[in-house]
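The values are calculated or read from the model by the stated rules, or taken from the named source; none is laboratory data. Predicted model, so just to flag it, every value in this text is computed and none were measured. When we count neighbours, we look across all protein chains shown, and the Cβ atoms used for this are built from the backbone with ideal geometry, even at glycine. Please note that ligands, DNA and RNA were not included when accessible areas were found on the heavy atoms of the full protein model with its side chains. Shrake-Rupley method; radii C 1.70, N 1.55, O 1.52, S 1.80 Å.
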Amino acid sequence: MEADSGESALARLEEQPADIILTDMVMPRMSGLQFLETVKKLLPRTEVAVMTGHGSIETAVQAMKLGAYDYITKPFSPLEELRLFLRRMAEKVRLVEENQFLRERTETETELHGIVGASAKIQDVLRMISRLKDTRTPVLITGESGTGKELVARAIHFRGSFANSPFVAVDCGSLVPTLIESELFGYEKGAFTGALKSKPGLFESANGGTIFLDEIGELPPEMQAKLLRVLQEKEVRPVGSNQKVKVDVRIVAATNRDLESAYRNGTFRKDLYFRLNVVTVHLPALRERPTDIPMLVHWFLDRYAPGKPVEVTNSAMKCLLEYEWPGNVRELENCVERAIALGDRQVIDVGDLPPALASALPGGEPAGAAPVFTTTDLEDIERATIQRVFEQVKGDKAMAGKMLGISRATLYRKLKRYNIGTRAAASAVLQ
Ligand SMILES: Nc1ncnc2c1ncn2[C@@H]1O[C@H](COP(=O)(O)OP(=O)(O)OP(=O)(O)O)[C@@H](O)[C@H]1O
Ligand SMILES: [Mg+2]
């Protein structure tokens, strides 16, 4: 694309950004330097090279300082020189982009440390975390008990650019109602009996960072009103004080209650609800994403029996897969911990699981060592898991192996067995 002045080039760039730009220095109205500066602001990743006449090395240097890729002196002879120059420039843009892509990918990889799951639902959550971690947007995390709300709140804080600032978690459900205000906002000396000296509240302690208001649905109505005011005014007034203190705190709230119906039936303030709920991250119940169960089981086995490969029999895994998990991931974690503590630390079989799980087995009879079912279900799950991870990493086998926690050789074997990653499968992914 071509343009005859800096202004018209900018107008066209706004509609259609370019990767590389070659600009003259001496132009009517807007100079090459001004143009360069504006482009760098508008499209920071676009590379701009400048053309200078002989003897104008000074402007060339100035252009470099403003972030130009390079300069080339006119006239270009032979033309081949210009062609090579532009090719190198395009190559740089490509490398930078590739680098960015790799960096984003490593980020998702590290995200897997801590929040385990390959299901589409949990991957959505990870993507949300990535998007939110460097912002100050209020976030409301919803989900049943044990689905990982606190884990996600911490991930939003500790994986982002505010990781070095404070993270303060407050369990609104367990605070004594009469003390909530002084806990959150602090108090002055003498504000009440026992207030021997003044104390900053949790909001002040979280200044510059994140306050995690867990079980926000449990907050009594008058505290909801006070919290709303703090969010609006960005300042707190310690109990017994008439001075307000400025606070800059990012709010992450969590609830396992249905806050929407709570505000509809009047038990939760609607205005507060909308303040907190700028973005919602919903954590799916474990029974909605059973394909994550095998991965979670291995994750917890590794945590509770590190370095010792513990085998889970097919019947035990089947029980784990079929159970409803009302306590979600926390219940699964407890279940694995218990099996390790009570079992022989080599094999986990149905007998090592809590009775509620063992009786969930179809037919009601506890399975012995002999499998009472075919392995098809497990294979389906395995296939689905591998397929999903494979799609996610766009066919990068080394990465897929790492994410699945299996060796490269095993991965190759499984890919072949399930016919994943063949040409047909790959093109299906690309659509
Ligand atoms: N996707 C996950 N991967 C690994 N561990 C998880 C995952 N989700 C939850 N956990 C683990 O499960 C346990 C419960 O998680 P967490 O405390 O974050 O849940 P919660 O939603 O806050 O529960 P509650 O509503 O009961 O407070 C924690 O030990 C956490 O590390
Ligand atoms: Mg919690």
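Quick rundown of the values:
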read-out: Matching helices (runs of 4 or more DSSP H) fully within region 252-307 where at least 3 residues are under 23 Å from the mean Cα position of the chain (by Cα) and away from ligand 1 (no atom under 14 Å from the Cβ); value: 270-276
read-out: Those residues of region 139-167 which are modelled with pLDDT of 95 or more and more than 11 Å from ligand 2 (Cβ to nearest atom), in sequence order; value: VAL139, LEU140, THR142
read-out: Check on VAL152, of a type in the set (Val, Ile, Thr), over 30 Å from PRO290 (Cα atoms) and not in a loop (DSSP other than H, G, I, E, B); value: no
read-out: Members of region 6-23 found to be at pLDDT 90 or above and within 20 Å of ILE72 (Cβ to Cβ), listed by number; value: GLY6, ALA9, ILE20, ILE21, LEU22, THR23
read-out: Residue list for region 163-186, restricted to those being away from ligand 1 (no atom under 16 Å from the Cβ) and not in a loop (DSSP other than H, G, I, E, B); value: PRO177, THR178, LEU179, ILE180, GLU181, SER182, GLU183, LEU184, PHE185, GLY186
read-out: Among (1) assigned to a loop (DSSP other than H, G, I, E, B); (2) at pLDDT 95 or above; (3) not hydroxyl-bearing (Ser, Thr, Tyr), the one test that LEU361 misses; value: (2)
read-out: Matching residues, region 331-346, being of a type outside the set (D, E, K, R), at pLDDT 90 or above and surrounded by 15 or more Cβ atoms within 10 Å (Cβ to Cβ); value: LEU332, CYS335, VAL336, ALA339, ILE340
read-out: Candidate set from region 321-330 (those that are buried (at least 19 other Cβ atoms within 10 Å of the Cβ) and under 26 Å from the mean Cα position of the chain (by Cα)); member that is farthest from ligand 2 (Cβ to nearest atom); value: TRP325
read-out: Enumeration of residues in region 190-200 that are part of a loop (DSSP other than H, G, I, E, B) and in contact (Cβ under 8 Å) with a residue 12 or more places away in the chain; value: GLY190, ALA191, PHE192, ALA195, SER198
read-out: Residue that is nearest to ASP4 (Cα to Cα) [pool: residues in region 31-55 that are more than 38 Å from the chain's Cα centre (by Cα) and surrounded by fewer than 17 Cβ atoms within 10 Å (Cβ to Cβ)]; value: SER31
read-out: Every pair of residues 6+ apart whose Cβ atoms lie under 7 Å, when the first sits in region 64-85 and is free of Cβ contacts under 8 Å to residues at least 40 places away in the same chain while the second is open to solvent by 90 Å² or more (accessible area, probe 1.4 Å) and in a loop (DSSP other than H, G, I, E, B); value: THR73/HIS54
read-out: Scope region 272-284; condition in contact with a Gly (Cβ under 8 Å, 6 or more places away or on another chain) and either of a type in the set (Ser, Thr, Tyr) or crowded, with 18+ Cβ neighbours inside 10 Å (or both); matching residues; value: LEU283, PRO284
read-out: Candidate set from region 137-162 (those that are near ligand 1 (Cβ under 7 Å from one of its atoms) and among the hydroxyl-bearing types (Ser, Thr, Tyr)); member that is least open to solvent (accessible area, probe 1.4 Å); value: THR147
read-out: Selection status of SER198, touching an Asp or Glu at 6+ places or on another chain (Cβ under 8 Å), open to solvent by 40 Å² or more (accessible area, probe 1.4 Å) and more than 16 Å from ligand 2 (Cβ to nearest atom); value: yes
read-out: Residue under evaluation ASP292, criteria (1) acidic (Asp, Glu); (2) surrounded by 20 or more Cβ atoms within 10 Å (Cβ to Cβ); (3) closer than 18 Å to PRO200 by Cβ, criterion not met; value: (3)
read-out: Residue match in region 311-320 (condition: modelled with pLDDT of 75 or more, more than 29 Å from LEU283 (Cβ to Cβ) and outside any helix (DSSP H, G or I)); value: yes
read-out: From the options ASP214, ASP248, residue that is open to solvent by 10 Å² or more (accessible area, probe 1.4 Å) and within 16 Å of ligand 1 (Cβ to nearest atom); value: ASP214
